[in-house]
Amino acid sequence: MSFVTGLLLIDAPASALNNLGSIPGARTDNTVGVKMIKARDGAYPYVSAQAFRYWLRTTLEDAQIGWQKAPIYREEKVAYTDANPILFWDDDLFGYMRAPSGKKSAQEKRAADTSRAGETPTSDTITRVSPFRVSTLVSIAPVSVTEDFGVMARHEGDPVPHEHQFYRTTLKGLFSLDLHAAGTFSYRQKTGFRNLDDGRIEMARQRGLELVTADKSYRLPLAERVQRVKTLFEGLAHLEGGAKQTLHYTDVAPALTIMAVTRGGNHIFGHVVGATGRGQPEFKLDALAEALTVFADDLLSAVYIGWTRGYLDDERGRFEQALQDGGLLAPFRGQIQIAHPRVAFQAMAAALAAPGHEGWLD
């Protein structure tokens, strides 16, 4: 099976992109803290995978790029999407879990809810493991988190104090997309693999989806599968989101990304970017050269590197020098394409749709 395997960096010069709420025992009752991993060597701010996936979902929905989002339904303490990957692209690529309550009261409430007029009937528990996977985005080095003190003073009487934390760092995250799973829906009686209940199986038949008997699954036409995957990468190119944007206005679109289509789901780029002793981002040329050598048989595409000019220019100069004759990366010069991150994501999307690459989605 083939995967799009990638790494991304988000430049957070003064940011609080994912917060944990009030901090007990702080100087003010409404002090807002940032999420961080506390280790022996210091504090590593992070953005949860859930938050990143939320940014990407909302970007895809708002970017006017044709994304077909699933409706969301609420029942007291639970909420879920329509769980129909045949119709809705986020149910396909981001996965779902749907376990309808059999209680009479719950059934009556669902029947009376007019917002469910177009809901896909669900007769059994169905789940889908997300073909798109993303790691927690973690600071590349420990940092000293800043405590910012402010007041609300636009009123008569004493000012109202408030505080919040923020940080300066580079966040690193990994992502992976299972190309075989995209647009392919299993009906196996196994947790995580029963994507379709009887009603959805019938819909797949009526719509003429390909039956893949060996996998006990139905598959969308290739053109539709490619379109969904292409649009996902267009969303990554336009990524927006993050907390405290009114105060810190951080551009969360990746400043640097590395990706390729690989055979197998092991991440080959996980260690090619690290930190110097001063906590600054460092492109590890020897680690990239080793990965391209060791995993040469698993690389199915070019290696697409998106790098914003103005970000780590000295590192970029060192990288480009390594591509020249005699450089450490010179043997791989024909494999590596470097451009702006948005162009790199678009190039990856175009490669997935190019003639001759149909096997990547098999």
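Remarks
- Complete set of residues in region 245-268 that are over 16 Å from F132 (Cα atoms) and small (G, A, S): A253, A255
- Scanning region 177-210 for residues that are small (G, A, S) and under 20 Å from L222 (Cα atoms) gives A181, A182, G183, S186, A204, G208.
- Residue count, region 14-31 (criterion: at pLDDT 85 or above and in contact with a Ser or Thr (Cβ under 7 Å, 6 or more places away or on another chain)): 3
- Residue pairs whose Cβ atoms lie under 8 Å apart, sitting 6 or more positions apart in sequence or on different chains, and linking a residue in region 225-251 that is under 19 Å from R168 (Cβ atoms) to a partner that is assigned to a loop (DSSP other than H, G, I, E, B) and among the small types (G, A, S), are A243/A16; K244/A16; L247/A16; H248/A16; T250/G242.
- Among the residues of region 336-362, just one is outside any loop (DSSP other than H, G, I, E, B), out of contact with any Gly (no Cβ under 9 Å at 6 or more places or on another chain) and charged (D, E, K, R), namely E358.
- Residue match in region 264-277 (condition: surrounded by 16 or more Cβ atoms within 10 Å (Cβ to Cβ) and in a helix (DSSP H, G or I)): no
- Scanning region 32-55 for residues that are modelled with pLDDT under 95 and touching a Gly at 6+ places or on another chain (Cβ under 8 Å), we see that the one that is farthest from T257 (Cα to Cα) is V32.
- For region 289-335, taking the residues that are among the β-branched types (V, I, T), outside any strand (DSSP E or B) and touching a helix residue (DSSP H, G or I) at 6+ places or on another chain (Cβ under 9 Å), the one that is nearest to L7 (Cα to Cα) is identified as T308.
- Test: residue in region 44-60 that is in contact with a strand residue (DSSP E or B) (Cβ under 9 Å, 6 or more places away or on another chain), at negative phi and in a loop (DSSP other than H, G, I, E, B): yes
- Flag not set for A243, criterion: surrounded by 16 or more Cβ atoms within 10 Å (Cβ to Cβ), at pLDDT below 95 and touching a Lys or Arg at 6+ places or on another chain (Cβ under 7 Å).
- Subset of region 122-146 that is touching a helix residue (DSSP H, G or I) at 6+ places or on another chain (Cβ under 8 Å) and either in a loop (DSSP other than H, G, I, E, B) or hydroxyl-bearing (S, T, Y) (or both) - its residue that is farthest from E282 (Cα to Cα): S123
- Counted residues, region 147-206 - those being part of a strand (DSSP E or B), modelled with pLDDT of 95 or more and of a type in the set (G, A, S): 3
- For region 335-362, a residue qualifies if it is modelled with pLDDT of 95 or more and out of contact with any strand residue (DSSP E or B) (no Cβ under 8 Å at 6 or more places or on another chain), but none of them does.
- Single residue of T231, T250, T257, T246 found to be assigned to a helix (DSSP H, G or I) and under 23 Å from N18 (Cα atoms): T246
- Filtered residues of region 319-362 (kept if among the charged types (D, E, K, R) and under 16 Å from I258 (Cα atoms)): E320, R333, R342
- The set of residues in region 96-130 being among the small types (G, A, S) and either more than 15 Å from K69 (Cα to Cα) or modelled with pLDDT of 95 or more (or both) consists of A99, S101, G102, S105, A106, A111, A112, S115, A117, S123, S130.
The values are calculated or read from the model by the stated rules, or taken from the named source; none is laboratory data. Treat the numbers as computed from the prediction; the structure is a model and nothing was measured. Counting neighbours? That spans all protein chains shown, and the Cβs are built from the backbone with ideal geometry, glycine included.
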